[in-house]
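See structure below.
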Amino acid sequence: MQLKLVRSGGFAGLAMVATVDSVDLPADQQDVVSRLLTEDLRGPGLSRPGGADQFSYQLEIQQGDRTVRRHWEEPEVHETVRPLLASLTRQAKPAR
């Protein structure tokens, strides 16, 4: 599966983009990606629109001809998803 993460917002407002193949992820993160194909996995937090220093995450998962998109604002990221987003963010580069 191909993954594309776009993280935007934060203090600088800079969009960061990472594109990876799921086989390059650790097994536990591959499991999270598989779950995201069928589950939304939102945490208990409530989104607070307009938070200038909060991040927004758009994750696109492409499996063959199927594409699943998941979107989270910082407070609603489920604990299960945080390690995956952190790993992808470390690989991200500024959007062009």
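Couple of notes before you dig in:
- Residue ID - surrounded by the most Cβ atoms within 10 Å (Cβ to Cβ), chosen from residues in the range 21-40 that are touching a helix residue (DSSP H, G or I) at 6+ places or on another chain (Cβ under 6 Å) and over 18 Å from ASP65 (Cβ atoms): VAL32
- When residues of the range 1-20 are limited to those that are assigned to a loop (DSSP other than H, G, I, E, B) and in contact (Cβ under 8 Å) with a residue 60 or more places away in the chain, the one surrounded by the fewest Cβ atoms within 10 Å (Cβ to Cβ): LEU14
- Single condition ARG66 does not satisfy, out of (1) at pLDDT 95 or above; (2) of a type in the set (D, E, K, R); (3) in contact with a strand residue (DSSP E or B) (Cβ under 7 Å, 6 or more places away or on another chain): (3)
- For SER56, the conditions (1) closer than 14 Å to VAL6 by Cα; (2) at pLDDT 95 or above; (3) not in a helix (DSSP H, G or I) are fulfilled apart from (2).
- Looking only at the range 53-96, and only at residues there that are surrounded by 13 or more Cβ atoms within 10 Å (Cβ to Cβ) and hydroxyl-bearing (Ser, Thr, Tyr), the one that is nearest to VAL32 (Cα to Cα): THR80
- Residues of the range 11-53 classified as at pLDDT 95 or above, over 18 Å from HIS78 (Cβ atoms) and charged (D, E, K, R), total: 2
- Scan of the range 29-44 for residues that are outside any helix (DSSP H, G or I) and not basic (Lys, Arg), ordered by number: LEU37, THR38, GLU39, ASP40, LEU41, GLY43, PRO44
The values are calculated or read from the model by the stated rules, or taken from the named source; none is laboratory data. These figures come from a predicted structure and were not determined experimentally. Heads up, the Cβs are rebuilt from the backbone with ideal geometry, glycines too, and the neighbour counts pull from every protein chain shown.
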